[in-house]
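Enquirer: This is the structure I want to talk about, given as structure tokens.
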Amino acid sequence: MRLLVQLMLLSSALSGMDAQAASACHAASGTLTRPLVELYTSEGCDSCPPAERWLSSRFGATGTASPAIALAFHVDYWDRLGWVDRFANADYTARQYAMMHANGASFVYTPQLLLQGRDFAGWRDADSTRIAAAARTNADATIAVDVVPGERELVVHADARILDDKRTRDAELFVAYADSALVSQIGAGENRGLRLTHDHVVRTLRLAGRENGAGRVDATLTLTRPVERGTQPMLVAFVQRASTGDVLQALALPLDSCDK
């Protein structure tokens, strides 16, 4: 009888493992670069809505309709000027300042767009040539991710390999959760009275790991899903040099397909 119970428990455990494995979702980068476009924005900034509209129109919400991947980081230094952006995060402000130092700049501003970690001032003229050129270059890293989705959490395994020996020294792997169609009715500040819709909003950004000395980053982490959720949730992983801000490769995984 005891043996029968043990066999039943083992069978149940294996079934649970099989179900978890079946629910895992996988994506891997290709040989060409997938450019990363970053927008630094705020609901309190009256010049930011045009940049957000450009981002929404230029990049598909699922991250698959464009050769590049878009992420919108809401910074918090506008919050003290009359309106608190509920998507703002001090960590994203710190990231913008870190990118400022990596670029050798002397100040941050909104809206600011970066392409592959470099200032992208040409977005106002819908300059897509730099994006297209970046997408034609060979990638300096590869990324593979596996996601086991849950109702409240995502278990993510990410594996990155840096292909250029000169760029391995300070390479870091980041993982972000982003979603779209998030709506705010602005009640104060420069955008008072406006109804703003945000896409590609970064809800969570995690440093998954640093290069291990052999050109690899291998990490497993758990991301908590936001309480207020938008549409088209997306997991984005990217490899970046800490000293220069250069993005070596990026990868987008639409999560709607993983949750089915």
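Enquirer: Being assigned to a loop (DSSP other than H, G, I, E, B) and surrounded by 13 or more Cβ atoms within 10 Å (Cβ to Cβ) is the filter; apply it to the stretch 110-134 and report the residue that is farthest from the chain's Cα centre (by Cα).
Expert: Step one: filter the stretch 110-134 for residues assigned to a loop (DSSP other than H, G, I, E, B), giving 110-111, 116-117, 120, 126-128.
Subset that is surrounded by 13 or more Cβ atoms within 10 Å (Cβ to Cβ): 110-111, 116-117, 120, 127-128.
Values: Thr110: 19, Pro111: 18, Gln116: 13, Gly117: 13, Phe120: 18, Asp127: 22, Ser128: 21 Å.
Restricting to residues being assigned to a loop (DSSP other than H, G, I, E, B) and surrounded by 13 or more Cβ atoms within 10 Å (Cβ to Cβ), the top hit is Asp127.
Enquirer: Next question, about the same structure. Limited to the stretch 78-99, what total is found for residues that are among the aliphatic types (A, V, I, L, M), under 14 Å from Tyr40 (Cβ atoms) and surrounded by fewer than 19 Cβ atoms within 10 Å (Cβ to Cβ)? Lay out the reasoning, then the answer.
Expert: First, pick out the residues of the stretch 78-99 that are among the aliphatic types (A, V, I, L, M): 81, 84, 88, 90, 94, 98-99.
Still in the running and under 14 Å from Tyr40 (Cβ atoms): 88, 90, 94, 98-99.
Still in the running and surrounded by fewer than 19 Cβ atoms within 10 Å (Cβ to Cβ): 90, 94, 98.
Total satisfying the criteria: 3.
Enquirer: Met99 versus (1) touching a Leu at 6+ places or on another chain (Cβ under 7 Å); (2) outside any helix (DSSP H, G or I): which is the lone unmet condition?
Expert: (2)
Enquirer: Let me ask you something else. Cβ-Cβ below 6 Å, separation at least six or inter-chain, first residue in the stretch 81-101 and more than 16 Å from Ala188 (Cα to Cα), second not in a loop (DSSP other than H, G, I, E, B): which pairs?
Expert: Once the first residue is more than 16 Å from Ala188 (Cα to Cα) and sits in the stretch 81-101, its partners that are not in a loop (DSSP other than H, G, I, E, B) give Tyr92/Phe73; Gln96/Tyr40.
Enquirer: Hey, another quick one. Could you tell me how many of the residues in the stretch 211-243 are surrounded by 14 or more Cβ atoms within 10 Å (Cβ to Cβ), without any contact (Cβ under 8 Å) to a residue 60 or more places away in the chain and basic (Lys, Arg)?
Expert: The qualifying residues number 1.
Enquirer: Same structure again: Given the conditions (1) more than 19 Å from the chain's Cα centre (by Cα); (2) closer than 30 Å to Glu228 by Cα, which single one is not true for His101?
Expert: The number of the failed condition is (2).
Enquirer: For the stretch 155-201, enumerate the residues that are closer than 22 Å to Leu71 by Cα, without any contact (Cβ under 8 Å) to a residue 40 or more places away in the chain and not polar (S, T, N, Q).
Expert: Selection gives Val183, Arg195.
Enquirer: When you check Ala72 against the structure, is it closer than 22 Å to Arg192 by Cβ, buried (at least 24 other Cβ atoms within 10 Å of the Cβ) and either in contact with a strand residue (DSSP E or B) (Cβ under 9 Å, 6 or more places away or on another chain) or at pLDDT below 95 (or both), yes or no? Even if it seems obvious, please write down each step before you answer.
Expert: On the way: closer than 22 Å to Arg192 by Cβ: yes; buried (at least 24 other Cβ atoms within 10 Å of the Cβ): yes; either in contact with a strand residue (DSSP E or B) (Cβ under 9 Å, 6 or more places away or on another chain) or at pLDDT below 95 (or both): yes.
Considered against the rule, which asks whether it is closer than 22 Å to Arg192 by Cβ, buried (at least 24 other Cβ atoms within 10 Å of the Cβ) and either in contact with a strand residue (DSSP E or B) (Cβ under 9 Å, 6 or more places away or on another chain) or at pLDDT below 95 (or both), Ala72 comes out as yes.
Enquirer: A follow-up question, please. Tell me which residues, restricted to the stretch 135-165, are in a strand (DSSP E or B) and charged (D, E, K, R).
Expert: So in the stretch 135-165, the residues in a strand (DSSP E or B) come out as 138, 141-149, 153-162.
The answer is Asp146, Glu153, Asp159, Arg161.
Enquirer: Would you pick out the residues in the stretch 76-107 that are aliphatic (A, V, I, L, M) and under 23 Å from Leu182 (Cβ atoms)?
Expert: Taking the stretch 76-107 and keeping what is aliphatic (A, V, I, L, M), we get 81, 84, 88, 90, 94, 98-100, 102, 105.
If the condition is that a residue be aliphatic (A, V, I, L, M) and under 23 Å from Leu182 (Cβ atoms), then Leu81, Val84, Ala88, Ala90, Ala94 are the ones that fit.
The values are calculated or read from the model by the stated rules, or taken from the named source; none is laboratory data. All figures in this text were calculated on a predicted structure; none of them were measured in a lab. Counting neighbours? That spans all protein chains shown, and the Cβs are built from the backbone with ideal geometry, glycine included.
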